[in-house]
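**Q** Attaching a single structure in structure tokens format; questions to follow.
The values are calculated or read from the model by the stated rules, or taken from the named source; none is laboratory data. On a predicted model such as this, the values are computed, not experimentally measured, just so you know. For neighbour counting, all protein chains shown are included, and Cβ atoms are generated from backbone atoms with ideal geometry for every residue, glycine included.
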Amino acid sequence: MIKNKPEDLIERFIRYTKIDTQSDEHTNKSPSTPGQHDLAKLLYKELTEIGASDVFYDQEHCYVYATIPATNGNGKKSPVIGFISHMDTSDAVSGKNVKARIVEKYDGNDIKLSDDGRYVLSPKDFPVLNDKKGEDLIVTDGTTLLGADDKAGIAEIMTMAESLLKNPEIPHGEIKIAFTPDEEIGEGTDHFDLERFGAQFAYTIDGGDLGTLEYENFNAAEVELIINGRSVHPGDAKNRMLNATLIAYEFQSMLPVFENPMYTENREGFFHLTMMKGTCEKAVVYYIVRDHDMEKFTQKKELVKSIVEFLNKKYGEGTVELTMEDSYYNMIEKIKPHMHLVDNAKKAMERLDVVPVDVPIRGGTDGAMLSYKGLPCPNLCTGGYNYHGRYEFAVIGEMRKTVDIILEICGIYGDFEI
């Protein structure tokens, strides 16, 4: 039982949402945007004030680390467990001047977000709302995203930390905390200091629906095609012109039609055309390639190579220039030897009457990259929904339950030996 209550979770969360921390992949800086430093400084200050140990703010790269000392005192060598969330938000919709508001006891009808009625959060568009009747929701005003991805996770970790620090009689092992920048642009672990962090195992708190437990994700690669055409006046073009943009279309036509995000789900992979621009003379095309299965992932990359080879034979060597790089890999290969992370998370949820749901991530997380750096790190829920858009919302009861899950995990590992 928590005797000395920490600051209210929701007040904390709304305070964090007011700080604009959108990342930007085009700045070539780390962190990519200065607003992330504003949140990092605040978290450093708050961690210091609540009595965390080893609080450190990486002023160059914008990471925040802290420790909650062990209190179990049972002589067991409990593993050091960490919890991680990211400070940046998506750039898909503005994160500036977020005006979060609470909808009490949601009645199941449309929620008018903006005063002019232009933006409406409706169960017709988002059927998940049908399961949230009677819940208190946090929504936007329709002009920005909310930032629950991942400020809900940050607020939940901070609330957990303050709860334990104010109640040292609660037994637990040593706990590590880290907040990272630039997760949304795939750079959240670029400068992560594993030695300073000091955990043997960790969880990212960066999921969605209550009960979700994610320890599988896509294998991922990025593809760039530069297509070199030959511009000739169309009146004299026969057997001379080489239209780069049409060759880009030809490349797309040779990919499997239904291995496309709009036709896939669960563990099904895809080729996703993210950008195409060009003229007759030159075209540039970008894809992301994804698959949970490593063999299928490899086959997809080989298909890309074979199509490029075919087009170069057809139109001349150097017509299509290919750059393809792997981005991250499926964390399950690194989690399998440490399935206690999954088992204990499920145990914590079940003790709190939360039904665990194994969900394969159709994307990646900081945890996937950290797992391959030697820190096995599955992902837990936050209680947030509709991430990366103006219709994002969070369920207050689920956020509070997530804090309870994290606290329960801390207790389980305080009495756990590897």
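**Q** Show the residue pairs that are 6+ apart or on different chains and have beta-carbon atoms under 9 Å apart, the first residue being within region 396-412 and surrounded by 21 or more Cβ atoms within 10 Å (Cβ to Cβ) and at pLDDT 95 or above, the second being in a helix (DSSP H, G or I) and among the aromatic types (Phe, Trp, Tyr).
**A** As it stands, the answer is MET399/PHE13, since those pairs meet every condition given.
**Q** Would you pick out the residues in region 142-158 that are of a type outside the set (Lys, Arg), closer than 20 Å to SER94 by Cα, in contact with a Leu (Cβ under 9 Å, 6 or more places away or on another chain) and crowded, with 17+ Cβ neighbours inside 10 Å?
**A** Looking only at region 142-158, we keep the residues that are of a type outside the set (Lys, Arg), and these are 142-150, 152-158.
After this cut, where a residue has to be closer than 20 Å to SER94 by Cα as well, the list is 142-150, 152-154.
Then keep just the ones that are in contact with a Leu (Cβ under 9 Å, 6 or more places away or on another chain); that gives 142-143, 152-154.
GLY142, ALA152, GLY153, ILE154, listed by residue number.
**Q** Collect the residues in region 41-79 that are hydrophobic (A, V, I, L, M, F, W, C) and either assigned to a helix (DSSP H, G or I) or more than 18 Å from SER163 (Cα to Cα) (or both), keeping them in residue-number order.
**A** Restricting attention to region 41-79, the residues satisfying the condition of being hydrophobic (A, V, I, L, M, F, W, C) are 42-43, 47, 50, 52, 55-56, 62, 64, 66, 68, 70.
Answer for region 41-79, where residues must be hydrophobic (A, V, I, L, M, F, W, C) and either assigned to a helix (DSSP H, G or I) or more than 18 Å from SER163 (Cα to Cα) (or both): LEU42, LEU43, LEU47, ILE50, PHE56, CYS62, VAL64.
**Q** Suppose the filter is among the small types (Gly, Ala, Ser), surrounded by 16 or more Cβ atoms within 10 Å (Cβ to Cβ) and within 27 Å of SER23 (Cα to Cα); does ALA244 pass it?
**A** Numbers: among the small types (Gly, Ala, Ser): yes; surrounded by 16 or more Cβ atoms within 10 Å (Cβ to Cβ): yes; within 27 Å of SER23 (Cα to Cα): no.
Against the criterion (among the small types (Gly, Ala, Ser), surrounded by 16 or more Cβ atoms within 10 Å (Cβ to Cβ) and within 27 Å of SER23 (Cα to Cα)), ALA244 does not qualify.
**Q** Okay, next question. If we scan region 400-412, do we find a residue that is assigned by TED's automatic domain parsing to the domain that holds LYS346 and either more than 17 Å from SER163 (Cβ to Cβ) or assigned to a loop (DSSP other than H, G, I, E, B) (or both)?
**A** Scanning region 400-412, I find no residue that is assigned by TED's automatic domain parsing to the domain that holds LYS346 and either more than 17 Å from SER163 (Cβ to Cβ) or assigned to a loop (DSSP other than H, G, I, E, B) (or both), so the answer is no.
**Q** Further question: Here are the criteria: (1) out of contact with any helix residue (DSSP H, G or I) (no Cβ under 9 Å at 6 or more places or on another chain); (2) surrounded by 19 or more Cβ atoms within 10 Å (Cβ to Cβ); (3) free of Cβ contacts under 8 Å to residues at least 40 places away in the same chain. Tell me which single one ILE19 does not satisfy.
**A** (1)
**Q** Which residue, of SER163, SER231, is assigned by TED's automatic domain parsing to the domain that holds LEU311 and either charged (D, E, K, R) or in contact (Cβ under 8 Å) with a residue 40 or more places away in the chain (or both)? If you could, list the steps in order and put the result at the bottom.
**A** Values: SER163 fails: assigned by TED's automatic domain parsing to the domain that holds LEU311.
None of the others qualify; the one that does is SER231.
**Q** Of everything in region 193-209 that's buried (at least 23 other Cβ atoms within 10 Å of the Cβ) and not small (Gly, Ala, Ser), which residue is nearest to ILE81 (Cα to Cα)?
**A** Ranking the candidates gives TYR203 first.
Okay, residues lined up against (1) out of contact with any Cys (no Cβ under 8 Å at 6 or more places or on another chain); (2) in the same structural domain as LEU370 (by TED's automatic domain parsing); (3) closer than 30 Å to GLU195 by Cα; (4) of a type in the set (Val, Ile, Thr):
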{"residue": "GLU46", "(1), (2), (3), (4)": "yes, yes, yes, no"}
{"residue": "TYR57", "(1), (2), (3), (4)": "yes, yes, yes, no"}
{"residue": "HIS86", "(1), (2), (3), (4)": "yes, yes, yes, no"}
{"residue": "ASP91", "(1), (2), (3), (4)": "yes, yes, no, no"}
{"residue": "ARG101", "(1), (2), (3), (4)": "yes, yes, no, no"}
{"residue": "ILE111", "(1), (2), (3), (4)": "yes, yes, no, yes"}
{"residue": "ASP116", "(1), (2), (3), (4)": "yes, yes, no, no"}
{"residue": "VAL120", "(1), (2), (3), (4)": "yes, yes, no, yes"}
{"residue": "LYS133", "(1), (2), (3), (4)": "yes, yes, no, no"}
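**Q** Mind checking whether some residue in region 349-357 is buried (at least 22 other Cβ atoms within 10 Å of the Cβ) and either of a type in the set (Lys, Arg) or in contact (Cβ under 8 Å) with a residue 24 or more places away in the chain (or both)?
**A** Kept after step one, since they are buried (at least 22 other Cβ atoms within 10 Å of the Cβ), are these residues of region 349-357: 349.
Subsequent filtering for residues that are either of a type in the set (Lys, Arg) or in contact (Cβ under 8 Å) with a residue 24 or more places away in the chain (or both) retains 349.
So far as region 349-357 goes, yes, one or more of its residues are buried (at least 22 other Cβ atoms within 10 Å of the Cβ) and either of a type in the set (Lys, Arg) or in contact (Cβ under 8 Å) with a residue 24 or more places away in the chain (or both).
**Q** Against the definition (surrounded by fewer than 22 Cβ atoms within 10 Å (Cβ to Cβ) and among the hydrophobic types (A, V, I, L, M, F, W, C)), how does PHE56 come out, yes or no?
**A** Numbers: surrounded by fewer than 22 Cβ atoms within 10 Å (Cβ to Cβ): yes; among the hydrophobic types (A, V, I, L, M, F, W, C): yes.
Answer is yes for this residue.
**Q** Let me confirm something: among PRO376, PRO360, which residue is closer than 18 Å to PHE179 by Cα and either in the same structural domain as ASN72 (by TED's automatic domain parsing) or buried (at least 21 other Cβ atoms within 10 Å of the Cβ) (or both)? Full working, then the answer.
**A** Values: PRO360 fails: closer than 18 Å to PHE179 by Cα.
Only one candidate qualifies: PRO376.
**Q** What are the residues in region 286-345 that are touching a strand residue (DSSP E or B) at 6+ places or on another chain (Cβ under 7 Å), among the hydrophobic types (A, V, I, L, M, F, W, C) and assigned to a helix (DSSP H, G or I), if any?
**A** MET294, PHE297, VAL304, VAL308, LEU311, LEU341, VAL342, ALA345
**Q** If we scan region 336-359, do we find a residue that is in contact with a Lys or Arg (Cβ under 8 Å, 6 or more places away or on another chain), hydrophobic (A, V, I, L, M, F, W, C) and within 30 Å of LYS238 (Cβ to Cβ)?
**A** Applying the first criterion (in contact with a Lys or Arg (Cβ under 8 Å, 6 or more places away or on another chain)) to region 336-359 yields 352, 354, 356.
Okay, now just the ones that are also hydrophobic (A, V, I, L, M, F, W, C), so 352, 354.
From what's left, within 30 Å of LYS238 (Cβ to Cβ): none.
The answer is no, given that none of the residues of region 336-359 is in contact with a Lys or Arg (Cβ under 8 Å, 6 or more places away or on another chain), hydrophobic (A, V, I, L, M, F, W, C) and within 30 Å of LYS238 (Cβ to Cβ).
**Q** Here's something else I'd like to know. Checking the condition under 25 Å from the mean Cα position of the chain (by Cα), under 30 Å from GLN200 (Cα atoms) and either part of a helix (DSSP H, G or I) or of a type outside the set (Phe, Trp, Tyr) (or both), which residue from GLY95, GLY142, GLY153 passes?
**A** On the way: GLY95 fails: under 30 Å from GLN200 (Cα atoms); GLY142 fails: under 30 Å from GLN200 (Cα atoms).
It is GLY153.
**Q** GLY51 is checked against (1) at pLDDT 95 or above; (2) more than 24 Å from ASP206 (Cα to Cα); (3) crowded, with 19+ Cβ neighbours inside 10 Å and fails just one. What number does that condition carry?
**A** (3)
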